[in-house]
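The values are calculated or read from the model by the stated rules, or taken from the named source; none is laboratory data. These figures come from a predicted structure and were not determined experimentally. Positions of Cβ are generated from backbone atoms using ideal geometry, with glycine treated the same way; all protein chains shown enter the neighbour counts. Ligands, DNA and RNA are excluded from the accessible area calculation, which covers all protein heavy atoms including side chains. Shrake-Rupley method; radii C 1.70, N 1.55, O 1.52, S 1.80 Å.
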Amino acid sequence: MVTERERKGKFIEFFTKTPSGICCPHFWYLKWANGCPYKCEYCYLQYTFRYLPEPVIFTNLHTDMVRELKDWLTRHTRPQILVTGELADSLVYDKKVGLTKLLIPIFQDSSLNPYAHRVYFLTKSTCIENILTFRPSRTVITTFSVNALPAWAAYEHGTPSPKERLSAARTLSEAL
């Protein structure tokens, strides 16, 4: 199950909340959804959105988010990476939402993305069908989070197995 609603705030934010002692640089992230259907015991999303009965997908992606994204792409003149998997798994809802079909053409179009910014999809999903419809591009990064089988069995409830994720990664790599 998933809730759908309009997002009232900004879609793109600069992440600066890294705790001391954690080696994670600041980065830009896209708030296209909140929460995840996977139940990984160690994931901060389980605690960050614990008040939500189910994940939320925002309905104004094609309008407000795209408008904000196009402005962001031309306002920042040094190439940046925009992370889509910070507040939700990047691909788990791709069949329903088509986030890749919405973002990849924008990032691949040099007239809309003149500074060659990159979009970064981080996932535990195996939903790569939409990505496979696009030509390879240096402006699109897809990564799969994969743990050892014992860790997956113990902590990553509801996710595709690491073998399935590696297979999806291999399929995507060979196609590109």
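Things worth noting here:
- Estimated vicinal HN-Hα couplings, Hz - segment 63-77 in sequence order (Karplus 6.51, -1.76, 1.60; Gly, Pro = x): 10, 5, 5, 4, 4, 5, 4, 4, 5, 4, 4, 9, 6, 9, 8
- In the elastic network of the chain, a GNM with C-alpha springs shorter than 10 Å, the most mobile of Asn60, Asn34, Asn113 is Asn60.
- Trypsin sites (Lys or Arg not before Pro) within segment 76-176, DSSP loop, no more than 12 other Cβ atoms inside 10 Å: Arg138
- Computed E for Arg118/Leu149 - FRET, C-beta separation, R0 30 angstrom, nearest 0.05: 0.45
- Prolate/oblate/rounded label for segment 60-111 (Cα gyration tensor, a/c 1.5): prolate
- Efficiency of FRET from Cβ geometry, His157 and Lys96, R₀ 22 Å, rounded to 0.05: 0.60
- Backbone amide hydrogens, once placed in the peptide plane, bring Ile81 within less than 5 Å of Trp28, Arg118, excluding anything fewer than 5 places away on its chain.
- Long-range lysine pairs (8 or more apart or interchain), the chain, Cα under 14 Å: 5
- With every protein chain in place, the chain: carbon and sulfur % of accessible area (1.4 Å): 56
- A Förster distance of 30 Å, applied to the separation of the beta-carbon atoms of Glu4 and Gln46, puts the FRET efficiency at 0.90.
- J(HN,Hα) series, segment 81-90, from Karplus relation 6.51 cos²θ - 1.76 cosθ + 1.60, nearest Hz, glycine and proline x: 10, 9, 7, 9, x, 7, 10, 6, 4, 4
- Rg and Dmax over the alpha-carbon atoms of segment 86-173 stand at 14.0, 47 Å.
- Solvent-accessible surface of the chain, taken per residue with a 1.4 Å probe and all protein chains present: 54 Å².
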